[in-house]
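The values are calculated or read from the model by the stated rules, or taken from the named source; none is laboratory data. Since the structure is predicted, the reported quantities are computational estimates derived from the model, not experimental observations. Positions of Cβ are backbone-derived with ideal geometry, glycine not excepted, and every protein chain shown enters the neighbour counts. Calculation scope for accessible area: heavy atoms of the full protein, side chains included, ligands and nucleic acids excluded. Shrake-Rupley method; radii C 1.70, N 1.55, O 1.52, S 1.80 Å.
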Amino acid sequence: MISLDLDLSYLSKYYNIGRTALENYQGMSIVQIMETEAEKGNNDAARFLMQITNNPEELANLFQLVNPENRYLILSNMNQDDLINVMACLDPEEMILGLSIFTPEALVELMMLLEPESLATVVLNTMDPYQFLQAIPEEFMDEFIDSDDIDREIWMQALGEVDEEHLQKMMENITGQACYDDRDTILATMSSYSDDDFMASLHGMETEGKQDLILNVLAKKPELFESFSQEAMTYPFQTMQKEDILKSLMVLDTEEMIPMVEDLPQEIMALIATQIDPAVFAKLLCKDFTSVIANCGIDLS
């Protein structure tokens, strides 16, 4: 049974059950109390469950759902799937408030659970692609270059807009000799390379050249930003303050944030779900959780 701090005046006013009578029902659920009262001829009590599940406002008053401790006690008795369903009813602001219990390091770990599209949205709402590339190590750029999502034709188009000096330095890194060829000559040479040699050439570019190349790819196909790994996309957030991370996450809707929380320990999920609006929670209990209502009792301590 879930022992709640209920509104005893409500029971007295609407069901004629005073505190003295309730003390005799210690350890019984609210439904068991009403059933006992009904057997004693209390007609109002006999109609309790039907009335309360059809009137969320009354349920919110009786269960004092405005009290976050009561909401948490109810939620902590729900299973994982039910908690996910409750969290799906949170407003994005409420979900963000729930996530504020985590440290910045933990938030970054949870961000890696987001879908690539959602995570890319967070990153690009916080910084532009140039700022992102300035903030990540070169190894993440190399991972992007190796992505199977980008074919050789796209790379050739992007190379066509790379600064000529970057292309010359790339050829020098490959051949070990000074290169004075113009852009067209270098591109013609690269077009004759095998796939392995072609990719090796891209990896042979200096950091600024790789940044220029990747920016050209993203300018043509912005959706390819999702080809960066979760580790890469979350890297710039590792040095951010919690408030800034949470502000960045506000671009997402609740459904997009669910992957961050759906596998957390149930007591943590319940704590996050406690942010739900009391009126919304009451409607949800009446609609989908009548068995939970029936399991609630009174804490007279």
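Among the residues of segment 212-233, write down those that are part of a helix (DSSP H, G or I), polar (S, T, N, Q) and over 18 Å from H166 (Cα atoms).
Of everything in segment 212-233, those that are part of a helix (DSSP H, G or I), polar (S, T, N, Q) and over 18 Å from H166 (Cα atoms) turn out to be S227, Q230.
Give the residue, chosen from S291, S227, S201, that is open to solvent by 10 Å² or more (accessible area, probe 1.4 Å) and in contact with a helix residue (DSSP H, G or I) (Cβ under 7 Å, 6 or more places away or on another chain).
S227
For segment 114-134, enumerate the residues that are closer than 25 Å to M199 by Cα, surrounded by fewer than 17 Cβ atoms within 10 Å (Cβ to Cβ) and of a type outside the set (S, T, N, Q).
Within segment 114-134, P116, Y130 qualify.
Specify which of the listed residues (D184, D149) is outside any loop (DSSP other than H, G, I, E, B) and either open to solvent by 20 Å² or more (accessible area, probe 1.4 Å) or free of Cβ contacts under 8 Å to residues at least 24 places away in the same chain (or both).
Sole residue among the options that is outside any loop (DSSP other than H, G, I, E, B) and either open to solvent by 20 Å² or more (accessible area, probe 1.4 Å) or free of Cβ contacts under 8 Å to residues at least 24 places away in the same chain (or both): D184.
I want to confirm something. Restricting to segment 65-77 and keeping residues that are hydrophobic (A, V, I, L, M, F, W, C) and farther than 12 Å from I268 by Cα, which single residue is surrounded by the most Cβ atoms within 10 Å (Cβ to Cβ)?
Selected residue: I74.
For segment 152-175, enumerate the residues that are part of a loop (DSSP other than H, G, I, E, B) and open to solvent by less than 10 Å² (accessible area, probe 1.4 Å).
V162
Quick one: Q168 ticks every box in (1) more than 35 Å from the chain's Cα centre (by Cα); (2) under 30 Å from F237 (Cα atoms) except a single one, so which number is it?
Going through (1) more than 35 Å from the chain's Cα centre (by Cα); (2) under 30 Å from F237 (Cα atoms) one by one, Q168 breaks only (2).
Looking at segment 9-34, which of its residues are surrounded by 16 or more Cβ atoms within 10 Å (Cβ to Cβ), not small (G, A, S) and not in a loop (DSSP other than H, G, I, E, B)?
Listed by number, the residues that qualify are L11, Y14, Y15, L22, I30, V31, I33, M34.
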